[in-house]
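Inspection log for the structure reproduced underneath, given as structure tokens.
The values are calculated or read from the model by the stated rules, or taken from the named source; none is laboratory data. Just so it is clear, the structure is predicted and the values come from calculations on it, not from any experiment. Every residue, glycine as well, gets a Cβ built from its backbone with ideal geometry; the counts of neighbours run over all protein chains shown. Note: areas computed on protein heavy atoms with side chains; ligands, DNA, RNA excluded. Shrake-Rupley method; radii C 1.70, N 1.55, O 1.52, S 1.80 Å.
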Amino acid sequence: MSARADSLKGWGFAAPALLWTTAFFVVPFVVMAAMSLATLDGRTLIWGLHADNYLELAEERYLWRAVLVSLEITATVTVVSVVLAYPLAWIIAFRVPARWQRLALLLAILPFWTSYVVRSYAWLLVLAREGVVNQTLMTLGIVAEPVTLANTRIATVTGFVHFFVMLLTLTIYANLVQLSPNYRRAAMDLGANAFQTFRHVILPLTLPGIATGAFLTFVLCIGDYITPQILGGNTELTVPQVIMVQLGRRADFPLASALAIVLMALVTLAYLACARWLRIDRL
Amino acid sequence: MKTAIARLLGTTMLGLAAGAAAAQEELNALVWCDHTDPKLIEPFEEEHGVTVNLREYEGTGAALALLEQSRPGDWDVLVIDGIDVFRAVEAGILAPLPEDELPEADFFPEVVMKENNSADGVTYAVTEKFGYNTISYNAEAVDPADMQDLSTVWSDKYEGRITIYDYYLPVMGLAALASGIDTADITADDLETIGGVMSDMRANAASVAGVVAAQTALATGEVDIVVGGGEWLTAVLQEEQPELTWTIPDEGAVRWSQSIGVLADSEKPDLALEFVKYIVSPEGQARLATSSCFWGMPANMKAGEHLTDAQKEVLRWDAQETYLANTQLYPAPDTDLDIEMQDLWLETLQQ
């Protein structure tokens with residue numbers, strides 16, 4: 001009786017979350033999956049098990065190219081963000097005095113306080129031909145003519161990295177401050193130099209923090225529409241941009257849903273990779 | 001006791017006030033951003049003692065999907081791309097409009113567009129605003145004479161100094177005109193030719209941008225030319241940067257238009273019709289033409305009586321006869337051609 005009561009209590013506690021997930025994830029996902037197998041006859045939606053949208057995805061160059069572009073940008077952003085965020089988190093965790101760490105973290109996340117769209121447009125101005133970056137390069141005599149930075153993949157990656165470095169700094173910092181200083185002392189006592197200590201002790205122990213941040217970066221980056229739309233100048237299209245085009249004028253929900261399913265599959269693969277090799281599942 | 005009575009009275013008064021506010025009639029309109037300017041909407045609200053709830057949308061597909069997902073009666077008024085009225089009529093979502101109550105006799109004849117706004121002799125929508133997708137440019141940075149020839153506009157002479165407006169129909173319309181094809185005559189057989197022109201355009205363009213990004217690019221000097229731009233792009237920048245201007249090339253340009261209609265399921269058809277009549281009245285037209293979101297020519301010529309000389313100059317009121325004669329409505333493809341055109345557009349962007 002007691003076990004049954006406990007079980008009921010457990011379901012009672014879990015019920016709100018289960019209901020929420022069912023209503024706002026499972027049901028929409030099932031509808032989207034079904035929609036991806038529907039097709040349009042003119043403007044009439046035909047439900048069924050049609051593979052047309054997935055075949056079109058394989059056949060149309062611009063569609064699979066969008067998948068490739070999304071993956072390339074996301075991989076670049078994730079790697080660059082990790083490389084920049086780790087030293088920053090390290091400095092905040094180990095070099096900034098404890099009483100200043102909160103302020104340092106606050107400063108690190110300050111850009112979060114501004115609107116995402118406004119921040120993207122700000123980057124567009126910074127990277128413009130007459131922008132701060134080009135003016136500085138020309139003043140220093142590094143380039144004679146303005147360099148094209150805005151409306152390129154560089155601009156998209158820059159906008160993303162600016163955002164995700166903050167996110168990764170937080171996840172890596174949280175991991176670093178949990179490490180006991182004894183690990184480093186023990187490694188040093190055993191004759192390891194600073195680099196060896198980092199390479200063989202600190203880095204492996206902080207991999208969960210890196211993996212968590214990298215996974216979040218991957219998920220948020222690959223599904224983002226705003227940054228590539230504003231900063232990339234449509235010089236190449238990512239999957240979310242192609243989805244928006246399908247919806248905007250033609251309301252081609254079946255093809256848009258198939259593309260969304262592909263995005264979800266990529267995110268799932270990324271999760272499985274993290275879970276398999278980086279043991280993110282233990283977090 | 002007195003305090004209790006005072007509280008009861010206060011609560012009752014508040015309740016009555018809230019009830020009165022709730023009872024105020026509301027009109028729900030699905031619109032483009034130019035209708036959200038308070039100086040356009042407030043006079044109607046004050047005159048009729050109603051609240052107009054506005055929701056912006058982008059893309060006819062998105063609007064039709066939204067209407068499909070709404071309950072009957074949720075929406076009363078629809079603003080729609082002039083070339084897409086037939087889609088709304090086919091979907092059965094627009095109510096007939098009483099033609100005799102619309103001042104179309106005062107309109108620029110070319111934009112009445114009965115063939116677009118009616119079906120089987122029944123009028124379902126009325127044109128409210130129009131303008132041009134043509135060439136916007138910085139007169140201090142390019143040779144204005146070059147802007148009269150479309151092939152020079154997107155030639156390598158201006159490589160990296162061009163942005164293309166991010167909407168395939170007007171841009172493909174311009175590419176068609178440059179190839180000597182009328183926009184109304186575009187068929188699937190023409191897409192190879194149009195695709196070739198767009199590839200040239202794309203090769204020399206720095207970006208393909210939406211309204212705000214194109215304005216920003218032109219205003220900041222990132223680019224000097226916007227292919228597909230027009231008065232709607234540069235008018236709001238005119239005061240601070242008079243060097244940003246636009247022209248209609250010798251080959252011509254494409255014309256956009258927007259229409260307004262009453263939804264068939266509206267539970268307030270009379271009020272919705274009043275709103276449509278207000279929008280196409282001379283006063284409403286003048287306000288709509290100079291909306292803070294974007295400017296464009298009013299369909300009703302009598303709006304000129306309510307515009308200042310400076311406003312008319314920005315809109316190039318006196319040149320409209322020439323412009324209308326030298327422009328074509330942008331392509332209005334059927335479903336199959338639309339799919340092919342959109343695929344070609346996306347293919348070009350991914351080059």
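Some observations on this one:
- Within the stretch B:165-186, the residues that satisfy the criterion of being in a helix (DSSP H, G or I) and open to solvent by 20 Å² or more (accessible area, probe 1.4 Å) are B:ALA178, B:ALA184, B:ASP185.
- Among the residues of the stretch B:228-271, just one is surrounded by fewer than 20 Cβ atoms within 10 Å (Cβ to Cβ) and within 14 Å of another protein chain (Cβ to nearest Cβ), namely B:GLN241.
- Single residue of the stretch B:29-44 satisfying the filter (surrounded by 15 or more Cβ atoms within 10 Å (Cβ to Cβ) and of a type in the set (Asp, Glu)) that is nearest to the other protein chains (Cβ to nearest Cβ): B:ASP34
- Boolean, B:SER266 is under 29 Å from B:GLU115 (Cβ atoms), among the hydroxyl-bearing types (Ser, Thr, Tyr) and outside any loop (DSSP other than H, G, I, E, B): no
- The condition (being touching a residue at least 40 places away in the same chain (Cβ under 8 Å) and over 23 Å from A:ALA98 (Cα atoms)) is satisfied by just one residue among A:THR169, A:THR156: A:THR156.
- Annotation for the stretch A:133-142: at least one member residue is crowded, with 19+ Cβ neighbours inside 10 Å, in contact (Cβ under 8 Å) with a residue 12 or more places away in the chain and not charged (D, E, K, R).
- Filter result (of a type in the set (Val, Ile, Thr), under 12 Å from the mean Cα position of the chain (by Cα) and open to solvent by 30 Å² or more (accessible area, probe 1.4 Å)) within the stretch A:192-231: A:THR212, A:VAL219
- Top-ranked residue of the stretch A:44-63 - restricted to ones that are assigned to a helix (DSSP H, G or I) and open to solvent by less than 60 Å² (accessible area, probe 1.4 Å), ranked as nearest to the other protein chains (Cβ to nearest Cβ): A:TYR62
- Which numbered condition A:VAL117 fails, given (1) of a type outside the set (Ser, Thr, Tyr); (2) at pLDDT 90 or above; (3) assigned to a helix (DSSP H, G or I): (2)
- Pairs with Cβ under 9 Å, 6+ apart, first in the stretch A:23-41 and at negative phi, second part of a strand (DSSP E or B) and not small (Gly, Ala, Ser): A:MET35/A:LEU45; A:ALA38/A:LEU45; A:ALA38/A:ILE46; A:THR39/A:LEU45; A:THR39/A:ILE46; A:LEU40/A:ILE46
- The single condition from (1) open to solvent by 50 Å² or more (accessible area, probe 1.4 Å); (2) at pLDDT below 90; (3) assigned to a helix (DSSP H, G or I) that A:VAL79 fails is (2).
- Some residue of the stretch B:333-344 being within 30 Å of A:GLU60 (Cβ to Cβ), open to solvent by 60 Å² or more (accessible area, probe 1.4 Å), at pLDDT below 95 and not in a helix (DSSP H, G or I): yes
- Boolean, B:ALA141 is touching an Asp or Glu at 6+ places or on another chain (Cβ under 6 Å), more than 30 Å from B:MET301 (Cα to Cα) and among the aliphatic types (A, V, I, L, M): yes
- Residues of the stretch B:268-316 classified as modelled with pLDDT of 95 or more, under 13 Å from the mean Cα position of the chain (by Cα) and among the hydrophobic types (A, V, I, L, M, F, W, C), total: 4
- Matching residues in the stretch B:204-227 - criterion: being in contact with an Asp or Glu (Cβ under 8 Å, 6 or more places away or on another chain), in contact (Cβ under 8 Å) with a residue 60 or more places away in the chain and open to solvent by 20 Å² or more (accessible area, probe 1.4 Å): B:GLY221
- Within the stretch B:181-219, the only residue that satisfies the criterion of being within 13 Å of chain A (Cβ to nearest Cβ), under 19 Å from the mean Cα position of the chain (by Cα) and among the polar types (S, T, N, Q) is B:GLN215.
- Of all residues in the stretch A:115-132, those that are under 23 Å from A:THR238 (Cβ atoms) and either open to solvent by 70 Å² or more (accessible area, probe 1.4 Å) or not hydrophobic (A, V, I, L, M, F, W, C) (or both) total 7.
- Taken over the stretch B:53-103, the criterion of being more than 11 Å from chain A (Cβ to nearest Cβ), more than 21 Å from B:VAL211 (Cβ to Cβ) and basic (Lys, Arg) is satisfied by B:ARG71 alone.
- Of residues in the stretch A:247-280 being within 14 Å of another protein chain (Cβ to nearest Cβ) and outside any helix (DSSP H, G or I), the one farthest from B:THR60 (Cα to Cα): A:ASP252
- Scanning the stretch B:78-124 for residues that are of a type in the set (A, V, I, L, M, F, W, C), open to solvent by less than 10 Å² (accessible area, probe 1.4 Å) and in a helix (DSSP H, G or I) turns up B:ILE83, B:VAL85, B:ALA88, B:VAL111.
- Residues that are touching a residue at least 24 places away in the same chain (Cβ under 8 Å), hydrophobic (A, V, I, L, M, F, W, C) and within 13 Å of B:LEU288 (Cβ to Cβ), drawn from the stretch B:30-53: B:VAL31, B:TRP32, B:CYS33, B:LEU40, B:PHE44
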